[in-house]
Amino acid sequence: MHPGLLYRPGTRLSDAELTAMRLDGLLFEVGDAFLPADIPETLDARLATLAPRIRDEHVVSGITAAWAHGAGDRPPARCHVRPHVARRLRAPSDGSVVLHDGVVPEHEIQTAGGVRVLTVTATLVDLARSARTDGVRAWLLALVRTDVDQVGAAVDLLRARERLPGKRQAIAVLESSYEEVTR
């Protein structure tokens, strides 16, 4: 995604100008920014809108990764990330980013829009493992609807991991989600 196509409030145009252009149908809102109406809302576009909040050592994860992959219309209020490096990190103090534990293996990461994000398969695993948290199941179902073929790969990924807390429950959640979506 070319940065010239991404309009952030207060940079080149004011909030009022961007809102007027949105009302006129010239722009549409994506995450924290605006895009021209004729540009598709892709993974690159969604992640590029989050780029100012994400540090180089972070990987977008959880419900934020689900939104980036096409689940839902609006991003979560807080951006969820995990570390990409094996050293202790701190989340920004403003509360806009939630930092989760656990270093992400390289094979579960893809880069788009200049930001690292969990792959769809790894995102499904991440969501299935935290499905008891409020609102996560809805994001999981939305992501399954966007890419139902990845559920089998997510179950295989879970089965391949040896010691993983909540592994059986996560597999059951993925299987029930698949059943619910494909009925």
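Classify the stretch 122-167: rounded, prolate or oblate, from the alpha-carbon gyration tensor (a ≥ b ≥ c, eigenvalue square roots; a/c under 1.5 rounded; otherwise prolate if a/b is larger than b/c)? Oblate, because a/c is 1.5 or more while a/b does not exceed b/c. Going by neighbour counts of Cβ atoms within 10 Å, the residues D44, D15 line up, fewest first, as D15, D44.
With n ≥ 4 as the cut-off for DSSP H runs, can you work out [θ] at 222 nm for the chain, using -39500 (n - 2.57) per run divided by the number of residues, rounded to the nearest 500? Spell out each step's value before the answer.
Numbers: 7 runs with 72 residues, N = 183.
Computed mean residue ellipticity for the chain: -11500 deg cm²/dmol.
Please identify the DSSP H helices in the chain that span no less than 18 Å along the helix axis (Cα) and have a mean Kyte-Doolittle hydropathy of -0.5 or more.
Details: long enough: 167-182 (23 Å, -0.36).
Length and hydropathy pass: 167-182.
In this structure, the amide hydrogen of C79, modeled 1.01 Å from its nitrogen in the peptide plane, lies closer than 5 angstrom to those of V97, V98, counting only residues at least 5 positions away or on a different chain.
Calculate the spin-label point distance for E175 paired with T146, positioning each point 7 Å from the Cα along the beta-carbon direction, and give it in nanometres. If labels sit at T146 and E175, their model points lie 2.6 nm apart. Think of each Lys and Arg Cβ as +1 and each Asp and Glu Cβ as -1; about the Cα centre, that makes the dipole of the chain roughly 780 debye.
Find the relative contact order for the chain and round it to a whole percent, using C-alpha pairs within less than 8 Å whose residues are 6+ positions apart. Numbers along the way, then the final one.
Working: 272 pairs, mean separation 31.4, N = 183.
Reported as a whole number, the value is 17 percent.
Rounded to the nearest 0.05, what FRET efficiency is calculated for L99 and L26 with R0 set to 45 Å and r the Cβ-Cβ distance? If you can, show how the numbers build up before the last one.
Numbers: r = 36 Å, r/R0 = 0.81.
So, using R0 = 45 Å, E works out to roughly 0.80.
Using only Cα atoms, locate the centre of the stretch 1-38 and the centre of the stretch 94-149, then give the distance between them in Å, rounded to an integer. Between the Cα centres of the stretch 1-38 and the stretch 94-149 lies a distance of 26 Å.
All of the numbers you see were taken from the coordinates with simple rules; none came from a lab. Quantities reported herein were computed from a predicted structural model and do not represent experimental measurements. Ideal geometry is used to build each Cβ from the backbone, glycine not excepted, and the neighbour counts take in all protein chains shown.
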